[in-house]
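Notes follow the structure.
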Amino acid sequence: MSDRVKEVVPDLIYAIRSTLKKHGVTFEEYGAAMQYLIRVQETGEAPLFVDAFFNATIVEIDNETRKGTQADIQGPYYLNSEAYQIISERLPHRPIDENAQDMVIRGQITDTDGNPLAGAELDIWHSTPDGLYSGVHDGIDAKYCRGRVITDAQGRYSVKSKLPVPYQIPNQGPTGELLEQHLGRHSWRPAHIHFWVRADGRRDLINQAYFENGEWVGDDCCETDHLDLVVPELIENGARVMEVSFALDPVLVVAAE
Ligand code: BEZ
Ligand code: FE
């Protein structure tokens with residue numbers, strides 16, 4: 001790691017210095033930037049700020065070495081592995097969401113040659129039908145709209161839930177202020193479902209699926225426009241079906257130095 005720090009950090013510092021010079025940044029602006037970063041820290045928005053602006057770039061780099069399904073950003077709302085109970089039928093939803101639109105998430109996990117991966121694990125998480133994350137917002141119990149699903153002998157999985165909606169990343173703090181007031185952008189993410197897929201001998205895949213014809217698809221505030229992960233519209237028995245299949249790359253072998 002320390003070699004990587006020596007490799008990467010001087011370039012990063014150089015890139016920032018060049019930008020400051022290019023724009024003739026003044027003491028006043030330098031001070032304002034410092035105050036801004038202090039606010040990001042003090043408001044607890046550091047993970048949000050970093051994810052909103054840089055997560056998609058790390059995903060882009062990671063995807064260069066994948067032949068199977070491409071990865072997407074994780075975002076700051078995964079919680080930890082313990083928040084995911086094994087689910088056989090339905091992700092828990094709040095009683096107040098009982099009448100929200102039903103959704104079925106189903107698909108198959110394979111290797112990159114199309115062989116089914118039995119016993120693969122998918123941690124699935126998404127927003128409530130009013131755009132909040134359990135365990136993060138409004139004191140909502142962490143069990144809602146989250147669960148772990150295991151694939152069957154054909155590598156298939158299927159789980160019911162309630163439809164998520166587009167939502168704004170928190171826009172009352174410094175991250176939203178930068179996006180909306182200073183950069184003239186917006187703070188919306190299209191409706192999406194998050195996945196973290198694991199299988200023995202395969203590389204973990206963190207991914208998201210989006211809804212065809214969904215608002216903000218292709219105009220995500222986090223600039224993670226994976227239009228290959230937009231799932232065609234399909235309704236079965238009144239439920240929106242999300243067919244989401246993944247091909248997992250083999251574990252990366254890092255050459256010894
Ligand atoms: C999310 O997908 O939940 C998310 C991603 C980046 C910033 C904030 C939220
Ligand atoms: Fe999300």
Report summary line: Computed for the chain: size of charge dipole around the Cα centre, +1 on C-beta of each Lys and Arg, -1 on C-beta of each Asp and Glu, debye to nearest 20, value 280 debye
**Report entry** Eligible aspartates and glutamates near K22 by straight Cα distance, threshold 20 Å, same-chain separation 8 or greater
**Finding:** D11
Query raised in the report: Using alpha carbons only, how many degrees (0 to 90, rounded to 10) separate the axis of helix 27-42 from the longest principal axis of the chain?
Result: 30 degrees
Query - Per-pair calculated FRET efficiency, R0 = 41 Å: I150 and N237 via Cβ, rounded to 0.05 - result: 0.95
Query raised in the report: Using Cα pairs under 8 angstrom and six or more residues apart, how large is the relative contact order of the chain, in percent?
Result: 22 percent
Query raised in the report: How much of the DSSP beta bridge set in region 121-257 is antiparallel, as a percent to the nearest 5?
Result: 90 percent
Query raised in the report: In terms of Cα to Cα distance under 18 Å, which aspartates and glutamates are near enough to K162, apart from those fewer than 8 places away along the same chain?
Result: E89, D97, E98, D102, D123, D130, D141, E212, E215, E233, E236, E243
Query raised in the report: Taking +1 at the Cβ of each Lys and Arg and -1 at the Cβ of each Asp and Glu, which of G75, G24, G44 sits farthest along the dipole of the chain towards its positive end, judged by Cα position relative to the Cα centre?
Result: G44
Requested in this report: With +1 on each Lys and Arg Cβ and -1 on each Asp and Glu Cβ, and nothing else charged, work out how big the dipole of region 50-136 is about its Cα centre, in Debye to the nearest 20.
Outcome: 80 debye
Query raised in the report: Got a sec to turn the phi values of region 137-146 into Karplus ³J(HN,Hα) couplings, 6.51 cos²θ - 1.76 cosθ + 1.60 with θ = phi - 60°, whole Hz, x for Gly and Pro?
Result: 10, 6, x, 5, 4, 5, 7, 6, 6, 9
Requested in this report: Over all alpha-carbon pairs in the chain, figure out the percentage whose distance exceeds 28 Å.
Outcome: 41 percent
Requested in this report: Under a cut-off of 17 Å between alpha-carbon atoms, report the aspartates and glutamates in cross-link reach of K67, not counting same-chain residues fewer than 8 places apart.
Outcome: D111, D113, D204, D228, D249
Query raised in the report: Got a sec? Charge dipole of the chain, +1 on Cβ for Lys and Arg, -1 for Asp and Glu; which of G173, P232, V217 is way out at the positive end?
Result: G173
Query raised in the report: What number comes out for the charge environment of D11, summing +1 per Lys or Arg and -1 per Asp or Glu over other residues with Cβ under 15 Å away?
Result: +1
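Read-outs throughout are calculated quantities, based only on the coordinates presented, and are distinct from any laboratory measurement. Nothing here was measured: the structure is a model prediction, and the numbers come from that model. Quick reminder, even Gly has a Cβ in these numbers, built from the backbone with ideal geometry, and neighbours come from all protein chains shown.
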